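I have placed the structure first, in the form of structure tokens, so that the comments after it can refer back to it.
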Amino acid sequence: MKKVCEVNITSLCKKILKYNDADWDFWTRRRGGFHEYSRSIPLKWCDNITRFDPKETNEFNKVTFFDDFYYYGNELDDINNTLDQQEGPAKLVNALFIRLFKGCYIKEHVDNPRGNDNFFTKTKRYHIPIVTHPDVKMICKGEEYHIETGYAYELENTEMHGVQNNSPVDRIHLVIDRCPYLLS
């Protein structure tokens, strides 16, 4: 887990806190398994994770832009531009908010479906905490981290990782996946 840079989350925080339980329950794609105690609000989502090809079109990669993507467009552009300055240019491929219920967890797991040449090996995942608490611990490669609001963190999601929320609040993160531009 690497702290990458500072990001302004003021606008994100004001907007995301307006969602109610029905909003969080609407999208059922990421339910059960490791994510049974969390809910997500997708902004942009790629469904072709086993054959993802950054040289291909959004149609080939099965990328969906959800209505809320445009509601958060300015904030996503600002965050992506800030990450471009720190990490080099990359295309924003996935963006979603994840709410982990208080007192719950995401079991430790590895994001690497069916082989080594897939979406997760071609992208970098970043967590931007919006609502957190000192008793929320991210676990990556056996190490525990409390990650603070106001920063973007790179998570090595092709390594063992999970979350333990022993706090009295629901944890909310913006999670984005970026694919470094091919410069050839």
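Values quoted throughout were computed directly from the atomic coordinates according to the rules given, and no laboratory measurement underlies them. Keep in mind it's a predicted model, so treat the numbers as computed, not measured. All Cβ positions, even for glycine, are placed from backbone atoms using ideal geometry, and neighbour counts span all protein chains on display.
For the range 1-83, run through the chymotrypsin sites (Phe, Trp or Tyr not before Pro) and keep only the ones in DSSP coil with at most 13 other Cβ atoms within 10 Å of their Cβ. It would help to have the intermediate numbers written out before the result.
Working: sites: Y19, W24, F26, W27, F34, Y37, W45, F52, F60, F65, F66, F69, Y70, Y71, Y72; in loops: Y19, F26, W27, Y37, F52, F60, F66, Y72.
Sparse-neighbourhood loop chymotrypsin sites (Phe, Trp or Tyr not before Pro): F26, F60.
State the three equivalent ellipsoid semi-axes of the chain, derived from the C-alpha gyration tensor as the square roots of 5 times its eigenvalues, in descending order and whole Å. Intermediate results must be reported in sequence, preceding the final value.
On the way: eigenvalues 109, 70, 61 Å².
Working through the eigenvalues yields semi-axes of 23, 19, 18 Å.
Result for the chain in a Gaussian network model with C-alpha springs under 10 Å: among T149, T57, T82, the largest mean-square fluctuation is at T57.
Give the whole-number value, in cubic angstrom per residue, of the convex hull volume spanned by the C-alpha atoms of the range 17-67.
102 Å³
The equivalent ellipsoid that matches the C-alpha gyration tensor of the range 51-110 spans semi-axes of 24, 18, 15 angstrom, in descending order. Set against the 2.2 N^0.38 Å expectation for a compact globular protein, the range 17-122 has a Cα radius of gyration ratio of 1.16.
Dividing the helix sum by the residues of the chain, where each DSSP H run of 4 or more adds -39500 (n - 2.57), gives a mean residue ellipticity at 222 nm of -5000 deg cm²/dmol. Build a GNM of the chain with springs between Cα atoms under 10 Å apart, and of A95, A152, A22 the one that fluctuates most is A22.
Averaging over all projection directions, find the projected area of the Cα convex hull of the range 78-184 and quote it in nm² with one decimal place. Result: a mean projected hull area of 7.1 nm². Longest stretch of the chain clear of exposed loop sites (GluC sites (Glu not before Pro), DSSP loop, at most 16 other Cβ atoms within 10 Å, sites excluded): 60-147.
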